[in-house]
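Readers should treat all values here as calculations from the given coordinates under stated rules, not as data from a laboratory. Quantities reported herein were computed from a predicted structural model and do not represent experimental measurements. Because the Cβ atoms are built from the backbone with ideal geometry, glycine has one as well, and the counts that use them run over all protein chains shown.
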Amino acid sequence: MHGLSIQLSVDMKVMLIIGDGMADRPIKELGGLTPLEAAGAWNMDRLASMGVSGLFNALGPGVAPGSDVACLAILGYDPYKVYAGRGGFEAAGAGINMDDEDLAFRCNFATVNEDMIIIDERAGRIGEEAVKLAESLQNLQLRGCGDVEVVFRHTLGHKGAMVLKGCGLSPNVATPPPKAYGRADSFKPLDRTTETRKTVEVLREFLTATYNILKDHPINRARIVKGLPPANIVIPWGLGLKPKLSPMLDMFGTRGACVAAVSLIKGVCKLAGMSIIDVPGATGDLNTNIFAKAEAALKALENHEIVLVHVEAPDEASHDGDIHGKIKSIQKIDSMVRIILENISLDDVCVALMADHATSTRLRMHTADPAPISIASSELIPDGVSSYSERAAYRGGFGRLTGKDVMPILLNITGKSARFGA
């Protein structure tokens with residue numbers, strides 16, 4: 001063996017697969033199993049058996065993160081330093097350019113009654129019909145606030161993004177997510193300044209304008225005839241400013257690509273300097289074209305060191321309380337894992353599988369419970385964990401990880417770790 005020299009390929013790359021909200025709690029209807037355990041995800045299990053597993057909390061135990069915050073942490077950013085509200089990431093993902101003084105919002109097409117009480121905060125999860133509804137909202141003019149420009153873009157399903165451009169606006173307004181049986185106009189000023197009062201007035205006028213345009217729209221009249229909830233208003237929430245992130249290339253010397261459907265994740269990755277790969281048929285729900293996403297991710301590996309593949313469907317099913325929908329979405333991700341493992345070598349590509357956070361199907365909300373992470377590579381000594389699940393991850397060699405740990409671990413595996421000292 002004298003003289004034998006082994007060197008890790010400097011071209012080793014990373015495939016990072018994120019199942020949004022894929023982790024959960026034991027569910028009585030599943031005999032005390034979690035959806036991951038009930039899904040029979042054999043390919044995820046195979047990945048876990050070839051690598052090292054652990055438990056992940058984006059911000060640490062006891063803190064339930066939003067998907068944008070979790071994604072920032074996974075990519076190596078400190079959310080406590082760079083997070084400026086959800087709206088800015090939504091806007092970036094929707095392709096809206098922002099100036100520093102602009103205000104950005106996530107928007108929902110929703111259903112309200114004549115008293116502005118929210119009946120359905122997602123308008124029955126309206127799909128492609130929202131594209132036509134959004135067309136009627138272009139070039140929207142606010143009569144009482146003519147000095148404010150409104151830029152609105154539909155993104156996916158019931159989702160959209162909106163940016164307010166103009167002088168004299170303030171971010172000191174509470175804009176909570178819409179909930180059924182709440183008021184659509186539940187914006188609250190956080191101070192008594194003229195700018196804050198003006199911003200609340202603008203938001204309320206935006207609500208009124210969208211309601212007046214959409215309530216009698218032919219699409220909504222047809223939905224009512226069919227017994228479907230009309231998407232008769234657009235509710236802005238998640239106010240944010242223009243985010244400022246250092247490019248991933250500057251921080252780690254790596255080129256990244258993102259394969260995702262939802263604008264929120266696209267926005268985070270775009271602002272991180274990653275290439276955004278748009279995939280036909282990627283819908284962000286259970287019907288998303290998982291095979292096209294896998295193909296696009298594999299293609300992106302050719303000229304990027306890190307490829308992030310994000311699948312929204314488990315989180316959407318969790319928020320709907322749809323246990324079987326969540327299981328089906330996990331099974332689709334499992335199929336994607338199979339395609340990826342069949343088309344790469346662990347000598348050349350490190351594959352990481354994780355949930356960005358847990359989403360309780362019973363509570364229909366994000367929780368601070370730890371989520372499983374498994375990383376497979378020929379450079380790792382397998383830890384003996386043979387399945388991918390919350391319960392199995394407790395026995396994993398990584399132990400407990402937070403967001404700040406993920407990128408250093410991946411960079412170390414691929415031979416790109418930071419040096420301290422000589």
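Cut-off 16 Å, label point 7 angstrom out along Cα-to-Cβ of residue 348: give me the residues of the stretch 293-314 whose amide nitrogen falls inside. Within reach of a label on residue 348: 295-307. For the listed residue pairs 165/198; 332/404; 81/293; 159/215; 188/244, the alpha carbons are over 21 angstrom apart in 332/404; 81/293; 188/244.
Expressed as a fraction of 2.2 N^0.38 Å, the C-alpha radius of gyration for the chain is 1.02. Quick one: helix 403-413 against the long Cα principal axis of the chain, what's the angle to the nearest 10°, folded into 0 to 90? Relative to the chain, helix 403-413 is tipped by roughly 40 degrees.
From the residues 134, 168, 182, which one has its Cα farthest along the dipole of the stretch 90-240 in the positive direction, the dipole being from +1 and -1 charges on Cβ of Lys/Arg and Asp/Glu about the Cα centre? Most positive-ward Cα: 182. What the Kirkwood sum gives for the stretch 290-422 is a hydrodynamic radius of 16.4 Å, with every pair of different alpha carbons counted. Of all beta bridges that DSSP places with both ends in the chain, some 60 percent have antiparallel geometry.
Each 10 Å bin from 0 upward holds the following percent of the Cα-Cα pairs of the stretch 90-240: 12, 45, 34, 8, 1. Computed from Cα positions, the angle between helix 323-342 and the longest principal axis of the chain comes to roughly 50 degrees.
In this simple spin-label approximation, residue 179 and residue 222 carry label points 7 Å from Cα along the Cα→Cβ vector, and these lie 3.5 nm apart. Where a ≥ b ≥ c are the square roots of the eigenvalues of the C-alpha gyration tensor, would you call the stretch 227-288 rounded, which needs a/c under 1.5, or, failing that, prolate if a/b is larger than b/c, or oblate? Oblate.
Between 197, 153, 122, the Gaussian network model of the chain with springs among Cα atoms under 10 angstrom shows the greatest mean-square fluctuation at 197.
Full extension of the chain between residue 276 and residue 186 gives 29.0 nm of extra length, using 0.36 nm per residue less the Cα-Cα distance.
Over all other residues within a Cβ to Cβ distance under 12 Å of residue 200, the charged ones net out to 0, with Lys and Arg as +1 and Asp and Glu as -1. Computed extension length for residue 420-residue 147: 93.0 nm, one decimal, from 0.36 nm per residue of separation with the Cα-Cα distance subtracted.
Cross-link reach is defined here as a Cα-Cα straight distance under 19 Å, omitting same-chain residues fewer than 8 places apart; for residue 28 the lysines meeting it are 326, 328.
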